[in-house]
Amino acid sequence: MTSMTAPKTAPTEERVTPGRTRSTLAGRLIPYGYLSPTVLLIVVLMVVPIVMVIGYSFQDNVIVQENPVFAGFANYAKVLTDPDFLAALENTAIFITVSTVAHLVLGLAFAMMLNTQLLGGVTKAVFRIVYILPWLFTIAVIAVIWRLLLDPSGVVNYVLHTLGLVQEGVNWLGDPGKALWAVTFVNIWSGYPFFMISLLAALQGIPHHLYEAAAMDGANWFQRFTHVTLPQLRPVIVSMGVLDLIWTSQQFALIWMTTGGGPLHATEMLSTYTYKQAFSEYEFATASAAAVIVLLLTMILAFFYVRQQRER
Amino acid sequence: MVVDGIRVRRVIGAATAAATVALVAACGSGSSGDTASDGSVTLEFAQWWGAELPAGEFDKIVNDFTAQNPNIKIKLLSAPYASTKQQLITGAASKTLPDVVGLDGAWVNDFAKQGAITDLSKLMSDANYDTGQLASQVQIKGKTYMIPVVNFVYPLFVNKDLLTKAGVAKVPTTRTQFLDAAKKISATGSDVKGWALPLDTAVPNGIQNDVMSWLWASGGSMLTDGKPNLTGAPVKSVVEFVKSLNDAGVIAPGSLTMKEQDKVEKFTNGQVGMMIDSLAHINLIKKNKPDLKFEVAALPAEDGYTGKRGIPYASWGIGISSSTEHKAEAFKFVSYLLSKETNANLSTIANGFPGNKNAQPDFSDSDPLFKTAFDIYQQGYPANEFVGLPKSEDLMRSFDEQLQLVLTGKTSVDDALAKSQESWTSVFG
């Protein structure tokens, strides 16, 4: 073993007297230096594209022609009077509302089952894995699985037929009257585990003495649920609900890979409508207008989310 | 120590900021067609072909070219069809297309209008290229923008076992015979249907391959003088024929959201007796169901039709970006892919038909069905009127939606065709 001693070469005076004005200026700039990577990324990846899309939405013949012209609100008028857009708006509203409510109800029910004292640790672990499985698949896999399951000669129809519930194969995704409900169901299936996990964590954080106090006061199971569990979970439920509304409104891949917005626009969503405007009709101006409308709608939801977070 | 710490942090802060600026600058300065210091040129070639060929085969063909032309390097950007399409649409919009691009006939009109792909006629005359050897060229206003390199035809696929089981002795050659055969096949079992019709609107090419193909097989056209003519007798008879198949209950259920791959799967599983499909799927079907007995035939025509039968096709087309600085080198590569030997070789491994008239694909190692299909192809003519039309996918989609209304009984054939005619006319302008 050899011991090494660091040579004392650092001049002491440099440590003491840095130029005062330079240090103040540099000191002021340092925080911006640290912030600059993030600020730049936000500007390049978010601000610039958003401003460009908003710009496109007020012009005509954007992107595909070299000299776009200012069109005022013409694109917005065109989009807002397009029956396909209005159908997409209605479908999206149904899709996100039903999905979010079902995610919440299913997530809460499963979370409470997994939080119960009645089941053993191993059983709970097994169920945890089973319940979380849908969340582990990517949307592409989910779309393929459910297309096969819901095929007129697929497994779901086979089971229903065997049980005598249907006479012949039901056209779940191909029937305009059923397609929206079928894709909503698939979305519910794929999204509830996230709610379940978050609510389970929140449930485990509720102090036990609250339940004991309620029990001492003579509260039954339902009263404990409504007066202890729900109020304690409220912040999580509201945050998750608003976030889920935003996320679900952006669902594109699942719809595109199962029904493509059809049959007969029955599952047309704002996302698929915008995509078709841009990449099939090359109407980037109306696509931008539709995208801005979606952005505004989403911002309303985001406003409630931020306000709710502040209240906390 | 404290000051040292501050200095280190200051340096890190500045370095991070500088690195971010450099990164952002690098993102913005990406350009294709670079010339290296040794004078060699690198061409980017975006296509979906490499993804559809056996692994490594396309690289071999490209490597042969670079061996012959050491001053040209080819960078292959291979991705599946759908992502290539999306990438090229955005590339065309932002004028950042790779130097050489694989094209589908459906995109050509729009890309040419945007000025994203260059006029190949000029490059061909500059290079004294003999255009007589090309099987076809896709032109807009008399200028060539795309050359089909390999063509894939869409004949009728027939499940022989199902046909025999249904008591149909002969593969149908007329629409009446087809309806009759489809009815008989559908009668053989509750899960079996005569025909599959994929009408999914996400990728509405079922209109081209499975609907309009009936029109072209009888020598019909959906255009008159380059303008849509959907209300005329030929298109009307096709839609009425498809409706009669639907009314007879011989179309596999779920057709309104069925995709092309579902159609192939149902045929492979014996759930559908007949389908119109790409020849390229023969190997897939044989791999998934080696014992399936099927054959390919020309599409049935209208009763009494004796003329040549159009057979729908899709192409691996090629074009050159207008923004590339190396057009001559790019065209050299294009003409290499279209040269007699290379084109024959490429067609053989792709199981398609060559874009060079003189190229002879080698069927010796292929399935005998390819030879049959080549004979059908040579007896008829390649027909795909959607190639070169503006917003062709949108045209297919609007027709698709009207056809869906007809098949669900929500509108009449005449009204649907009048609506389609109206929307197509507005696109043609």
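The values are calculated or read from the model by the stated rules, or taken from the named source; none is laboratory data. Every value quoted in this text rests on a predicted model; they were computed, and no experiment measured them. Here the Cβ positions follow ideal geometry from the backbone for every residue, glycine too, while neighbour counts run over all protein chains shown. These area figures cover heavy atoms from the full protein model, side chains too; ligands, DNA and RNA do not enter into them. Shrake-Rupley method; radii C 1.70, N 1.55, O 1.52, S 1.80 Å.
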Inset, instruction - From the list A:Ala290, A:Ala302, pick out the single residue that is within 20 Å of the chain's Cα centre (by Cα), assigned by TED's automatic domain parsing to the domain that holds A:Trp189 and modelled with pLDDT under 90. - result: A:Ala302
Legend entry - Which listed residue, of A:Ala26, A:Ala10, A:Ala77, is among the aliphatic types (A, V, I, L, M), more than 20 Å from A:Leu295 (Cβ to Cβ), at pLDDT 75 or above and out of contact with any strand residue (DSSP E or B) (no Cβ under 7 Å at 6 or more places or on another chain): A:Ala26
Inset, instruction - Please indicate, with yes or no, whether at least one residue in region A:175-194 is small (Gly, Ala, Ser) and surrounded by fewer than 20 Cβ atoms within 10 Å (Cβ to Cβ). - result: yes
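A quick yes/no check of all residues on (1) within 23 Å of the chain's Cα centre (by Cα); (2) part of a helix (DSSP H, G or I); (3) not polar (S, T, N, Q):
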| position | (1), (2), (3) |
| --- | --- |
| B:Glu240 | no, yes, yes |
| B:Asn246 | no, yes, no |
| B:Asp262 | yes, yes, yes |
| B:Phe267 | yes, yes, yes |
| B:His281 | yes, yes, yes |
| B:Leu284 | yes, yes, yes |
| B:Lys287 | yes, yes, yes |
| B:Pro290 | no, no, yes |
| B:Val296 | yes, no, yes |
Inset, instruction - From A:Gly191, A:Gly169, A:Gly154, grab the single residue that is in contact with a His (Cβ under 8 Å, 6 or more places away or on another chain), closer than 25 Å to B:Leu199 by Cβ and assigned by TED's automatic domain parsing to the domain that holds A:Gly260. - result: A:Gly169
Legend entry - The one condition in (1) modelled with pLDDT under 95; (2) open to solvent by 20 Å² or more (accessible area, probe 1.4 Å) that B:Gln177 fails to fulfil: (1)
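Taking the stated definitions as given, is A:Asp84 under 22 Å from A:Phe252 (Cα atoms), charged (D, E, K, R) and not in a helix (DSSP H, G or I)? Working first, answer last.
Details: under 22 Å from A:Phe252 (Cα atoms): yes; charged (D, E, K, R): yes; not in a helix (DSSP H, G or I): no.
No: the conditions fail for A:Asp84.
Across region B:124-138, what is the total count of residues that are farther than 17 Å from B:Asn356 by Cβ and either open to solvent by less than 60 Å² (accessible area, probe 1.4 Å) or touching a residue at least 12 places away in the same chain (Cβ under 8 Å) (or both)?
1
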Legend entry - Failed condition for B:Ile349, given (1) open to solvent by 30 Å² or more (accessible area, probe 1.4 Å); (2) touching a helix residue (DSSP H, G or I) at 6+ places or on another chain (Cβ under 6 Å); (3) touching a residue at least 60 places away in the same chain (Cβ under 8 Å); (4) outside any helix (DSSP H, G or I): (4)
Inset, instruction - Say whether the condition of being open to solvent by less than 10 Å² (accessible area, probe 1.4 Å), under 27 Å from B:Gln379 (Cβ atoms) and within 14 Å of chain A (Cβ to nearest Cβ) is met by at least one residue in region B:220-227. - result: no
Inset, instruction - Please go through region B:80-92 and pick out each residue that is open to solvent by 20 Å² or more (accessible area, probe 1.4 Å) and among the hydrophobic types (A, V, I, L, M, F, W, C). - result: B:Ala82
Inset, instruction - Output yes when any residue across region B:389-409 is among the β-branched types (Val, Ile, Thr), open to solvent by 30 Å² or more (accessible area, probe 1.4 Å), away from chain A (no Cβ under 11 Å) and touching a residue at least 60 places away in the same chain (Cβ under 8 Å), and no when none is. - result: no
Inset, instruction - Answer yes if at least one residue in region B:149-157 is surrounded by fewer than 21 Cβ atoms within 10 Å (Cβ to Cβ) and among the hydroxyl-bearing types (Ser, Thr, Tyr), and no otherwise. - result: no
Inset, instruction - Name, by its number, the condition in (1) touching a strand residue (DSSP E or B) at 6+ places or on another chain (Cβ under 8 Å); (2) in a helix (DSSP H, G or I) that does not hold for B:Phe370. - result: (1)
Inset, instruction - Considering every residue within region A:34-52, establish whether at least one is open to solvent by less than 50 Å² (accessible area, probe 1.4 Å), within 23 Å of the chain's Cα centre (by Cα) and in contact (Cβ under 8 Å) with a residue 40 or more places away in the chain. - result: no
Inset, instruction - Name the single residue, out of those in region A:257-312 being open to solvent by 50 Å² or more (accessible area, probe 1.4 Å) and touching a residue at least 60 places away in the same chain (Cβ under 8 Å), that is farthest from A:Gly241 (Cα to Cα). - result: A:Met257
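Each row is one residue, and each column tells you yes or no for (1) under 18 Å from B:Trp214 (Cα atoms); (2) within 14 Å of chain A (Cβ to nearest Cβ).
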{"site": "B:Met258", "(1), (2)": "no, yes"}
{"site": "B:Ala280", "(1), (2)": "no, no"}
{"site": "B:Asp291", "(1), (2)": "no, no"}
{"site": "B:Val296", "(1), (2)": "yes, no"}
{"site": "B:Pro300", "(1), (2)": "yes, no"}
{"site": "B:Gly310", "(1), (2)": "yes, no"}
Legend entry - helices (runs of 4 or more DSSP H) fully within region B:1-120 counting 1 or more residues that are closer than 25 Å to B:Gly355 by Cα, at pLDDT 90 or above and within 13 Å of chain A (Cβ to nearest Cβ): B:81-93, B:105-113
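Quick one: is B:Leu337 more than 27 Å from B:Ser121 (Cβ to Cβ) and outside the structural domain of B:Ile276 (by TED's automatic domain parsing)?
no
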Legend entry - Of residues in region B:139-148 being surrounded by fewer than 23 Cβ atoms within 10 Å (Cβ to Cβ) and touching a strand residue (DSSP E or B) at 6+ places or on another chain (Cβ under 8 Å), the one nearest to B:Asn269 (Cα to Cα): B:Gln139
Inset, instruction - Within region A:198-216, track down each residue that is open to solvent by 60 Å² or more (accessible area, probe 1.4 Å) and hydrophobic (A, V, I, L, M, F, W, C). - result: A:Ala201, A:Met216
Legend entry - helices (runs of 4 or more DSSP H) enclosed by region A:176-231 - at least 1 residues per element that are of a type outside the set (Gly, Ala, Ser), more than 32 Å from the chain's Cα centre (by Cα) and over 22 Å from A:Val242 (Cβ atoms): A:208-216, A:221-224
Inset, instruction - Just one of (1) in contact with a helix residue (DSSP H, G or I) (Cβ under 9 Å, 6 or more places away or on another chain); (2) modelled with pLDDT under 90; (3) away from chain B (no Cβ under 14 Å); (4) open to solvent by 20 Å² or more (accessible area, probe 1.4 Å) trips up A:Ser239, so point out which. - result: (4)
Inset, instruction - Please specify each residue of region B:357-368 satisfying the condition of being open to solvent by 20 Å² or more (accessible area, probe 1.4 Å) and within 21 Å of the chain's Cα centre (by Cα). - result: B:Lys357
Inset, instruction - Read through the list (1) touching a helix residue (DSSP H, G or I) at 6+ places or on another chain (Cβ under 6 Å); (2) under 30 Å from A:Gly169 (Cα atoms), then give the number of the only condition that B:Met212 fails. - result: (1)
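Considering region B:171-207 alone, what residues qualify as being in contact with a Phe, Trp or Tyr (Cβ under 6 Å, 6 or more places away or on another chain) and within 14 Å of chain A (Cβ to nearest Cβ)? Working first, answer last.
At the first step, the residues of region B:171-207 found to be in contact with a Phe, Trp or Tyr (Cβ under 6 Å, 6 or more places away or on another chain) are B:172, B:175, B:182, B:202, B:207.
Selection gives B:Ala202, B:Ile207.
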